[in-house]
Amino acid sequence: MQWHRSGLIASWEFFEEHIERKIGNEDQLSEQPLVEKHSERKWGAMVIIKSLQFLPSIISSALRETTHNLHESVPNGSVEPASFGNMMHIALVGINNQMSLLQDSGDEDQAQERINKLAKILKEKELGSSLHAAGVGVISCIIQRDEGRAPMRHSFHWSGEKLYYEEEPLLRHLEPPLSIYLELDKLKGYDNIQYTPSRDRQWHLYTVIDKPLPIPRMFLRTLVRQSTSNEGLTAYQRLDAETTCSQWKMSFTSRSIFRSLMAAMEELELNTHNTRVKSDHAHMYLYIVREQHIDDLVPYSKRVDIDAEEEESTVEAILKELAHEIHASVGVRMHRLGVCEWEVKLWMASSGLANGAWRVVVTNVTGHTCTVHTYRELEDTSTHRVVYHSISGLGLLHGVPVNAQYQSLGVLDRKRLLARRSNTTYCYDFPLAFETALEQSWAVTYPGTRKPKDKDLLKVMELKFADQEGAWGTPLVPVQRPPAFNDVGMVAWFMELSTPEFPSGRTILVVANDVTFKAGSFGPKEDAFFLAVTDLACSKKLPLIYLAANSGARIGVADEVKTCFKVGWSDESSPERGFQYVYLTPHDYARIGSSVIAHEIKLVNGETRWVIDTIVGKEDGLGVENLTGSGAIAGAYSRAYKETFTLTYVTGRTVGIGAYLARLGMRCIQRLDQPIILTGFSALNKLLGREVYSSHMQLGGPKIMATNGVVHLTVSDDLEGISAILNWLSYIPPHIGGALPILNPSDPPERSVEYLPENSCDPRGAIGGALDSSGKWMGGIFDKGSFVETLEGWARTVVTGRAKLGGIPVGIVAVETQTVMQVIPADPGQLDSHERVVPQAGQVWFPDSATKTAQALLDFNREELPLFILANWRGFSGGQRDLFEGILQAGSTIVENLRTYKQPVFVYIPMMGELRGGAWVVVDSRINSDHIEMYADRTAKGNVLEPEGMIEIKFRTKELLECMGRLDQQLINLKAKIQEARSSGAHGLVESLQQLIRAREKQLLPVYIQIATRFAELHDTSLRMAAKGVIREVVDWANSRYFFYRRLRRKIAEESLIKTVTDATGDQLSHQSAMDLIKSWFLDSNIAGGREDAWVNDEAFFKWKDDLSNYEDKLKLLRVQKVSRQLTNIGDSISDLQAVPQGLAALLSKVEATTRAQLVDELRKVLG
């Protein structure tokens, strides 16, 4: 450093070193090492002046000084001036300098004036040539300002075209090294870049307009500066306890990235209403300055030892996990702020293959889901450029130069943006949501363990039409194509899910609206596609999941006619007098005549016009053809509910036919911020002639749909919605007729029921348990945490849902014992309407709760679930309004749905419960004796009427007085005295004795009413139920869990074997006949030993059933008899006999070669 008469000069020398790993073409093999170290001698200089007039002279002095020193330090005295790596910094200090007199207010005109003055000096030919010849490519300037304001910074680059130094606006206000570290060259493909610094100037925000579509984008860049140590707890001294606990689980590197991202998001939130900074698509880039070690990447308490050979792959895995953990904390907030991607560059210091530059690129897909790709920076030997290089798998940036300019948004990003504007997830991003939800499902089911490593959790195969036409009846075929290249507004996939219940995989069909394709509307192609998917699900008996986000049936007009039709005015000179017709000119008619039905007219002046009678349109899908398509898919989806499992998830606004589909599939999950409507609110307002409704949510939000029985579950976001779908699937078989998904329970089946009702039996406590007053968990009948309540907001006097008993999924219907309030909302469309709150008593079936019960029974039966009814009803509500609203119809539907139930049904009157009158009738076991079994707790009650009602009929006052006269000794004595008095003729004494009797009866009457009530209650006991055979057994509450678990296992095993037997007989046997046959087989076996009581031994039965050899021959005989009957029926018809050879040939052509040869041999033996 030396003083100059114009200021101060500082100079220095340094070696620029970097390590490169090279990558050649895949077909090239080289023995040369891939790691090379480069170093190059450079110099730097800073001149500090108080006035710009001294700038030329001090720069000349600085160049002489640095060049002289460099020549002396190089042995051979040679210097390469064209390297352009040398540095020149100019500092203008002093508050009275020329620049600072222009008080900076951030105005662009003032900024430009300052720059022009400085640039004018640097444009001088002599000065510029000297700097250029000295290898100075960039000149950075820092200018002091007064009043404590931050200094101004500008950078001037040498222009090879203009041959002078000109300012680079992109680097304005940045520290000199940042232009390289922040990779700002990537932004040079954009025009009109607007820069905004953060409050602490750590983040740099650049706003651009993406083309060809004008999409505002933002690029945020920062340097991540870390402390020099990662030892101990010093980093936590200023953190509160909660933050310390959460961040202690994060690594040193994770904390640094996390804090930087949080600062960026705070900056975005502060600028939410700043139109200059507003962006639809934001990208964040973080450069970590300090070199990272492997220990920095893992939490402080989890230091790792890594084999040298696996170092690179291990670091890659650690970085991916690190990115996922950070995204889990910030992803949702980022998505709300429009941050779609963030990238981290870091340098690893290692002696192994992990050494060098790494990049982690995270795409924020939905906020809850993301994709993470890791890259190395390697030199491509063919182009000699540093590129992104994927280690495992090929990321989207693989092979792309690291300094390549950012490209315009691709079709996938644009469609994601369109979907986000519609407040939903783009349809092609749902497979990733399924994969993320599957990972969470495994983590919840088996905490502390990893997902299966030998199998992908999700395999997806997209379906499309077999041809481009996509007409009705066109089959679907698999296709492999990038996302967003669909030409129909619906997409579908086969998804093979590896779930905890089915680790080897289960297959489902998923169909979704593409909300970015004509607003997700249903046209003929979409209808044909949905119908084809529905038919495919029905034919394969696979679950069908519909992700709904649509605008209903498509509406359209013939654009080719719209752009050229003309109007036949009543008075050509006065259009305000109206018109008579619309028409086409002969030229237009010749061009688009096929789009209209028209007739020709000739005017007096000789002009020819084609008057339009009907517009047909060139394109299909403009009107009623969309409605007939909607009818087709409505019928198909309704059929699918009966033939397979259907579930609709409303992820976006669902209108018209979309709303009908949500109901026709019966099972429905709704996102809290998305409506299900038939017509938009603005259209209704026009119909009503006034502004009545203000939003779609007012018409079909969860406050309506979740309280009227349309929606079963509500969720807050799409990941929660997909998780709810997977959770629902965990209760049902993989296909219709398949085995139930049974897991080993974490809640032991043999434990007792710890929840004890006090005054009444709380249904949710009885099902899943509850906390007692001390906070201790008191378990219910079913597995802890397994109960999922559905239809919760509708008809709340009944509780329905699905749970597991010993890992076996079951459906549940239980009874609310407390009074609930039914809220009937006011309709804004009716001026005299007002909200009504109607109390509904517990333990009573009302029209809505009876309908809910019937609907739940239907759903459970379709899902092939065993059913538990915790029966605790006093009866039906039978008032005038209830009868008018259909209580009788709903109760009858309960009976019908129980009559047709095909799975085991257990009706249990719980502890403190009662079942009376019509409520008993509709759940009685004799409705379906093949499948329903009734049980009761020892404290349970049951009868036609309640005791109080019974004594009003069977123990009236007269009977009570007679009972008193029979039991009360005083009354007996008084009555005897009356007889004596009458015999002796003492009439006065009789009257006094009668008064004493009446007084005694009045005194005893309350007690005897209690006695009568107790007498009636003794007719209600569970012991009497068992004695009369109306229940199967009395089951104590504490033992009910283990009892029903064993009974459920036995019934499932029996039903499975009955199904096998009935299939073998060709459905010739009834359910009871098949059971009797199985029982006879079992009792004749060696295991039973001929003992009749062996049939009730579950272990003996399971041992016999699980050994197929015990009854395989008997099943074979049944199949022979079935085929024999079928052939006998064929023999009764001559025409059928003539078709036997061709039919037999067709049968043989369908079977495998080995099986065909065996059949032919057997037939030859039979035919001799």
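Okay, here's what the table says:
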read-out	value
Sole exception among (1) at pLDDT 90 or above; (2) over 38 Å from the mean Cα position of the chain (by Cα) for Tyr165, by number	(1)
Residue within segment 983-998 that is open to solvent by 100 Å² or more (accessible area, probe 1.4 Å) and closer than 30 Å to Ala1016 by Cβ present	yes
Search result, residues across segment 650-677 that are basic (Lys, Arg) and open to solvent by 10 Å² or more (accessible area, probe 1.4 Å)	Arg653, Arg663, Arg671
Selection within segment 1143-1159 - loosely packed, with under 11 Cβ neighbours inside 10 Å and in a helix (DSSP H, G or I)	Ala1145, Ala1146, Ser1149, Lys1150, Ala1153, Thr1154
Every residue from segment 265-293 that is under 28 Å from the mean Cα position of the chain (by Cα) and charged (D, E, K, R)	Glu266, Glu269, Asp280
Residue match in segment 1010-1031 (condition: part of a loop (DSSP other than H, G, I, E, B), in contact with a strand residue (DSSP E or B) (Cβ under 6 Å, 6 or more places away or on another chain), open to solvent by less than 60 Å² (accessible area, probe 1.4 Å) and among the aliphatic types (A, V, I, L, M))	yes
Any hit, segment 301-323, residues being more than 32 Å from the chain's Cα centre (by Cα) and polar (S, T, N, Q)	yes
Long-range neighbours under 7 Å by Cβ, at least six apart or interchain, first residue aromatic (Phe, Trp, Tyr) within segment 834-857, second assigned to a helix (DSSP H, G or I) and open to solvent by 20 Å² or more (accessible area, probe 1.4 Å)	Phe846/Asp882
Filter pass, Thr585 being of a type in the set (Val, Ile, Thr) and over 27 Å from Gly556 (Cβ atoms)	no
Val298 within 34 Å of the chain's Cα centre (by Cα) and modelled with pLDDT of 90 or more	no
Wholly enclosed strands (runs of 3 or more DSSP E) of segment 779-874 bearing at least 2 residues open to solvent by less than 40 Å² (accessible area, probe 1.4 Å)	788-790, 798-805, 808-815, 867-870
Residues within segment 893-930 that are part of a helix (DSSP H, G or I) and not acidic (Asp, Glu), tallied	15
Conditions (1) modelled with pLDDT under 90; (2) touching a Ser or Thr at 6+ places or on another chain (Cβ under 9 Å); (3) outside any loop (DSSP other than H, G, I, E, B): number failed by Asp1093	(2)
Verdict on Ile592 being in a helix (DSSP H, G or I) and modelled with pLDDT under 95	yes
Those residues of segment 937-956 which are without any contact (Cβ under 8 Å) to a residue 12 or more places away in the chain and assigned to a helix (DSSP H, G or I), in sequence order	Gly949, Glu952, Ile953
Complete set of residues in segment 131-165 that are surrounded by fewer than 18 Cβ atoms within 10 Å (Cβ to Cβ) and assigned to a helix (DSSP H, G or I)	Ala133
Where a residue in segment 529-540 is free of Cβ contacts under 8 Å to residues at least 12 places away in the same chain and over 16 Å from Ala466 (Cβ atoms) and its partner, wherever it lies, is of a type in the set (S, T, N, Q) and in a helix (DSSP H, G or I), with Cβ under 8 Å and at least six apart	none
Filter result for Ala1088 (assigned to a helix (DSSP H, G or I), out of contact with any Asp or Glu (no Cβ under 9 Å at 6 or more places or on another chain) and open to solvent by less than 100 Å² (accessible area, probe 1.4 Å))	no
Residue selected from segment 275-292 under the condition in a loop (DSSP other than H, G, I, E, B) and touching a residue at least 60 places away in the same chain (Cβ under 8 Å), by the criterion surrounded by the fewest Cβ atoms within 10 Å (Cβ to Cβ)	Arg276
Criterion violated by Ile1052 - all others in (1) closer than 23 Å to Phe868 by Cβ; (2) without any contact (Cβ under 8 Å) to a residue 60 or more places away in the chain; (3) part of a helix (DSSP H, G or I) satisfied	(2)
Some residue of segment 599-617 being under 24 Å from Thr516 (Cβ atoms) and at pLDDT below 95	yes
Strands (runs of 3 or more DSSP E) wholly inside segment 432-543 that include at least 2 residues being touching an Asp or Glu at 6+ places or on another chain (Cβ under 7 Å), among the small types (Gly, Ala, Ser) and at pLDDT 95 or above	none
Top-ranked residue in segment 521-579 [being open to solvent by 40 Å² or more (accessible area, probe 1.4 Å) and aromatic (Phe, Trp, Tyr); ranked as nearest to Tyr641 (Cα to Cα)]	Phe565
Residue list for segment 363-397, filter: open to solvent by 60 Å² or more (accessible area, probe 1.4 Å), over 21 Å from Lys415 (Cβ atoms) and of a type outside the set (Gly, Ala, Ser)	Thr383, His384, Arg385, Leu394
Of the criteria (1) in contact with a strand residue (DSSP E or B) (Cβ under 8 Å, 6 or more places away or on another chain); (2) open to solvent by 30 Å² or more (accessible area, probe 1.4 Å); (3) of a type in the set (Val, Ile, Thr); (4) more than 25 Å from Val798 (Cβ to Cβ), which one Thr707 fails	(4)
Restricting segment 244-260 to residues that are at pLDDT 90 or above and among the hydrophobic types (A, V, I, L, M, F, W, C), the residue that is farthest from the chain's Cα centre (by Cα)	Phe252
Matching option when the condition is of a type outside the set (S, T, N, Q), modelled with pLDDT under 90 and either touching a Phe, Trp or Tyr at 6+ places or on another chain (Cβ under 8 Å) or crowded, with 19+ Cβ neighbours inside 10 Å (or both), among Ala241, Ala263, Ala235	Ala235
Residue among Leu397, Leu412 that alone is touching a residue at least 24 places away in the same chain (Cβ under 8 Å) and either assigned to a strand (DSSP E or B) or more than 27 Å from Ile722 (Cα to Cα) (or both)	Leu397
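Quick grid of which residues meet (1) touching a residue at least 12 places away in the same chain (Cβ under 8 Å); (2) farther than 19 Å from Arg1024 by Cα; (3) crowded, with 24+ Cβ neighbours inside 10 Å; (4) not aromatic (Phe, Trp, Tyr):
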| residue | (1), (2), (3), (4) |
| --- | --- |
| Ser877 | yes, yes, no, yes |
| Asp882 | yes, yes, no, yes |
| Leu888 | no, yes, no, yes |
| Gly891 | yes, yes, no, yes |
| Met911 | yes, no, no, yes |
| Trp920 | yes, no, no, no |
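The values are calculated or read from the model by the stated rules, or taken from the named source; none is laboratory data. This is a predicted model, so every value here is computed, not measured. Here Cβ is always computed from backbone atoms with ideal geometry, including for glycine, and neighbour counts include all displayed protein chains. Remember, those area values only see protein heavy atoms, side chains included, never the ligands or the DNA or RNA. Shrake-Rupley method; radii C 1.70, N 1.55, O 1.52, S 1.80 Å.
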